Amino acid sequence: MTARILSGTEVARQVRERIAREVVALRESTGVTPGLVTILVGDNPASVSYVTGKQRTAKELGFYSVQDDQPADVSEDGLVELIGRYNDDPAIHGILVQLPLPKHINETRVLYAIDPDKDVDGLHPMNLGRLMIGEARFYPCTPFGIRELLAMADVETKGAEVVVVGRSNLVGKPISMMLVQKEANANSTVTMCHTATRDLAAHTRRADILIVAAGRAKAITADMVKDGAIVIDVGVNRIGMTPEGKAKLCGDVDFDAVKEKASVITPVPGGVGPMTITMLMANTLKAARLAAERK
Ligand code: GUN
C-alpha cells in the first residue's frame, strides 16, 4: 500500500480562510480585533523561525500582533513582570512565550504567570487540568492541530487503537488526554510510550493511529508500523542546511519506507507544523471572542 499524503499545509489553508472571515465578522459585530503577543527570549534559531511564522500568520489573518524580543539573560522576575503587563493590556487576548526558555528561568513559573484566559498556547496548568477533565478551553496548539488533521481526513477515532510515542507536556501527554475523552473526534484507546517503554515496536505495531513525538530523527521504521496504519509525524529534526541556506528538516518517522505501509501519513515539513501555527490563531480568536462577551 502507498499512503495518502495528508497535507497540513492544505488543511491549514482552509482553516485560516475561515479564521480570516471570522476575524472580520468579530470586528464588525463587536469592534474587537484579536491581539496576540509572542515573547521570544534569546535567539535560538528554531525558536526565531517558529515565532516569525506565528507573527506572519497573525498579520495575514488581520490580527493585532506584537513581537516582544527579550535578551537571553532576562531575569525570571523580569519575564513574569512583563507577562503581567500583557495580562492587563485589553488589546492583547493571547500571550505566547516561546519554549524552551534559558536554563536559569523556571518554565512552570512563567507559564503560571499567564492569565489562563489569555493562555492561547493551552499550557497553563489550569488549562491542562481542564483538558484532562473534559472541560478544555484552550487545547495546546500541536495536539489541537493533530486532532483537526485527523477530523479533516475523516479518520475514525472512536474505538481506534492510538499509540503515542513521547510524553512531553507540549504534545504527548495532551494529545493522549484529548483522544481518550468520550467526545467527537476522540473516544480512542490510547497507549503512551516513552524512553522507558520496554518493547516499543510491540506497541507501535498494534496502532491504528500512530502519533510520533519522540524528538529523534527516523525513530519509527517500516517494521514498526501496521499495514494500513495512519501515521502522524510530529518530529522536526534539523539535519543540515539546503543550498539556499534554509534548515533541512526530517521527521521522527522514516517517511520513504513507512509511506509504503501506512494508509495515511503526514510529511515533514508540511504536515503537523502548519497546523500548530493555525490552531494558535484559532485559540487567539476564541480568546478575543470570550473577551468581547465579557465587555
Ligand atoms: N516550542 C515548540 N513548540 C511550542 C509551542 O507549541 N508553544 C510554545 N510556547 N513553545 C513551543
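The values are calculated or read from the model by the stated rules, or taken from the named source; none is laboratory data. No experiment lies behind these values; they were computed from the predicted model shown. Heads up, the Cβs are rebuilt from the backbone with ideal geometry, glycines too, and the neighbour counts pull from every protein chain shown. These accessible areas exclude ligands, DNA and RNA; they are computed on the full protein's heavy atoms, side chains included. Shrake-Rupley method; radii C 1.70, N 1.55, O 1.52, S 1.80 Å.
If you go through region 267-285 and keep only what is over 13 Å from Leu61 (Cβ atoms) and away from the ligand (no atom under 16 Å from the Cβ), you end up with Pro267, Gly270.
Got at least one residue in region 118-132 being over 18 Å from the mean Cα position of the chain (by Cα) and either away from the ligand (no atom under 14 Å from the Cβ) or not in a loop (DSSP other than H, G, I, E, B) (or both)? Scanning region 118-132, I find no residue that is over 18 Å from the mean Cα position of the chain (by Cα) and either away from the ligand (no atom under 14 Å from the Cβ) or not in a loop (DSSP other than H, G, I, E, B) (or both), so the answer is no.
Applying the condition of being acidic (Asp, Glu) and under 25 Å from Asp154 (Cα atoms) to region 188-238 and asking which residue is nearest to the chain's Cα centre (by Cα) yields Asp233. Filtering region 11-69 down to residues that are closer than 29 Å to Ile105 by Cα and aromatic (Phe, Trp, Tyr), which residue is nearest to the ligand (Cβ to nearest atom)? Going through the qualifying residues, I end up with Tyr50.
Selection of region 87-116 for residues being open to solvent by less than 50 Å² (accessible area, probe 1.4 Å) and outside any loop (DSSP other than H, G, I, E, B) yields Asn87, Gly94, Ile95, Leu96, Val97, Val110, Leu111, Ala113, Pro116.
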